[in-house]
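Comments concern the structure below.
The values are calculated or read from the model by the stated rules, or taken from the named source; none is laboratory data. Predicted model only: the values in this text are computed from it and were never measured. Positions of Cβ are backbone-derived with ideal geometry, glycine not excepted, and every protein chain shown enters the neighbour counts.
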Amino acid sequence: MNDLKEKLKTLCIFRELLKDKVLSALCTYFENPAGSTYADFVAQLYQANGGNLGEYIKELCFNSENIYVKTIGLGKNVPKYMVSSLHSELDILQEVSELNKEALCKGLPYRGFLPEFTTTGLRLKDIYLHRAENISKYGYGIYVGNRMFYVEKGGNIVPVLHPDKISLSNLVDYERERKIILDNTKALLRGKPAANILLTGDAGTGKSSTVKAVANALWDEGIRVIEIRKDQLHDISKILDELSGNPLKFILFIDDLSFLKDDDNFNALKAVLEGSVTVKSPNVVIYATSNRRHIIKEKFSDREGDDVHRNDTMQELISLSERFGIHITFSKPDKETFLHIVHCMAEENHIDMPVDELDMLAERFVLERGGRSARLARQFIDGLLSK
């Protein structure tokens, strides 16, 4: 154990791992082997992942934002001495991952109860090097095990702990619209020019769900989604700077976008869409949804006011929507399309009901709510399932 303790102290590329609670508790046990320090180490491991040391060490390595993966992610050559260090450190961490209760407690004078833990046999170096070679699919740091993120106050990117896992198979109709978004996102993954997309249409037609479903379908190929609120658009330059050196591809998702005429956030987004040198990033696209065709909330006074250059003013108001490379409209479904969505959802949820009765109840549901949409179809089906 003393030998492994000294080896851990030599970590350089993975040096930040020594600050981890589990490894720190292990090092404390190495320094002071006793029943209490052993129990503290196992307690930390239990709390971290339920007690599997091998899996925990693997995840620590995957999540490490070390100089090696950052260099690889930027597409730069890694110096040979750094590669040599990486291999040696992975061998050390492999030894740690293979520890068990018997090896750790050998020689302890205490003979009472000591908690058990487990480990998974793995070839850490082979797995890590494979992921490094395919870093554009796997990423590193917080982006390894998370697919969706949000921006907290101050511009920090934080994982969504329970993301919406809606899949493309859950969506009915709007095949043409989905294909455009899917193809554009695949182009981004391949490193080809990809457009920013504006999705407009009636509420509940599936605009946001489509973006999330496309991202879920492609996340294991290297797509991540970061949701940004309209009031955070002034942080977008900072976010793009942070993402520019990342090997993954990102969708900045702005849901339910609209502006007042004199909104300060208008120019912030406009600058990004214009692709100015300071903010353009080839691994990022912006997908925005809006219930408004031109995003800006207009008044008749804006059209008929005493502004001498009111035509120029109106052009400015609609210019933002025109800066999206692709504009897709999700129209409200007609009766036939709505019932088709209902039928598909009913079949998916194993609702056994005569079609005529299902259609009658669905139409009654629509009449009570004054319109048709995919969202209302889902609410109708959920209502049937709850009975």
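Filter segment 149-173 down to residues that are out of contact with any strand residue (DSSP E or B) (no Cβ under 6 Å at 6 or more places or on another chain) and either part of a helix (DSSP H, G or I) or more than 20 Å from ASN283 (Cβ to Cβ) (or both), then give me how many there are.
14
Looking only at segment 14-50, count every residue that is part of a loop (DSSP other than H, G, I, E, B) and either charged (D, E, K, R) or surrounded by fewer than 18 Cβ atoms within 10 Å (Cβ to Cβ) (or both) and tell me the total.
4
Could you say which residue among LEU114, LEU60 is assigned by TED's automatic domain parsing to the domain that holds ILE135, more than 32 Å from the chain's Cα centre (by Cα) and surrounded by 13 or more Cβ atoms within 10 Å (Cβ to Cβ)?
LEU114
For residues that are in a loop (DSSP other than H, G, I, E, B) and touching a strand residue (DSSP E or B) at 6+ places or on another chain (Cβ under 8 Å), scanning just segment 245-256, find the one that is modelled with the lowest pLDDT.
By that ranking, first place goes to ASP256.
Quick one: count up the residues across segment 143-161 that are closer than 19 Å to LEU189 by Cα and either of a type in the set (A, V, I, L, M) or in contact with a Gly (Cβ under 6 Å, 6 or more places away or on another chain) (or both).
Qualifying residue count, segment 143-161: 2.
Of the residues VAL96, VAL78, only one is in contact with a helix residue (DSSP H, G or I) (Cβ under 8 Å, 6 or more places away or on another chain), assigned to a loop (DSSP other than H, G, I, E, B) and of a type in the set (Val, Ile, Thr); which? First the steps, then the outcome.
Numbers: VAL96 fails: assigned to a loop (DSSP other than H, G, I, E, B).
Just one listed residue meets the conditions, VAL78.
Would you call SER209 part of a helix (DSSP H, G or I), hydroxyl-bearing (Ser, Thr, Tyr) and under 15 Å from the mean Cα position of the chain (by Cα)? Don't jump to the end; show me each part of the working.
Working: part of a helix (DSSP H, G or I): yes; hydroxyl-bearing (Ser, Thr, Tyr): yes; under 15 Å from the mean Cα position of the chain (by Cα): yes.
Yes; evaluated as a whole, the condition is true for this residue.
Quick check on my filter: what residues within segment 216-232 are in contact (Cβ under 8 Å) with a residue 40 or more places away in the chain, hydrophobic (A, V, I, L, M, F, W, C) and more than 13 Å from TYR143 (Cβ to Cβ)?
The answer is ALA217, ILE228.
Looking only at residues in segment 299-334 that are at pLDDT below 55 and surrounded by 15 or more Cβ atoms within 10 Å (Cβ to Cβ), which one is nearest to ARG372 (Cα to Cα)?
Once the filter is applied, the top-ranked residue is LEU317.
Can you say whether ALA374 is on the phi < 0 side of the Ramachandran plot and touching a strand residue (DSSP E or B) at 6+ places or on another chain (Cβ under 9 Å), as far as the supplied structure shows?
Working: on the phi < 0 side of the Ramachandran plot: yes; touching a strand residue (DSSP E or B) at 6+ places or on another chain (Cβ under 9 Å): yes.
For ALA374, the condition - on the phi < 0 side of the Ramachandran plot and touching a strand residue (DSSP E or B) at 6+ places or on another chain (Cβ under 9 Å) - is met.
Among the residues of segment 335-370 satisfying the criterion of being assigned to a helix (DSSP H, G or I) and small (Gly, Ala, Ser), which is surrounded by the fewest Cβ atoms within 10 Å (Cβ to Cβ)?
Ranking the candidates gives ALA346 first.
Just checking, which of GLY139, GLY201 is modelled with pLDDT of 90 or more and buried (at least 17 other Cβ atoms within 10 Å of the Cβ)?
Details: GLY201 fails: modelled with pLDDT of 90 or more.
On inspection, the qualifying residue turns out to be GLY139.
Residue check: is SER136 part of a helix (DSSP H, G or I) and touching a strand residue (DSSP E or B) at 6+ places or on another chain (Cβ under 9 Å)?
Criteria met by SER136.
I'm checking my understanding of the structure. Among residues of segment 257-294 that are part of a loop (DSSP other than H, G, I, E, B) and hydrophobic (A, V, I, L, M, F, W, C), which one is modelled with the lowest pLDDT?
VAL277
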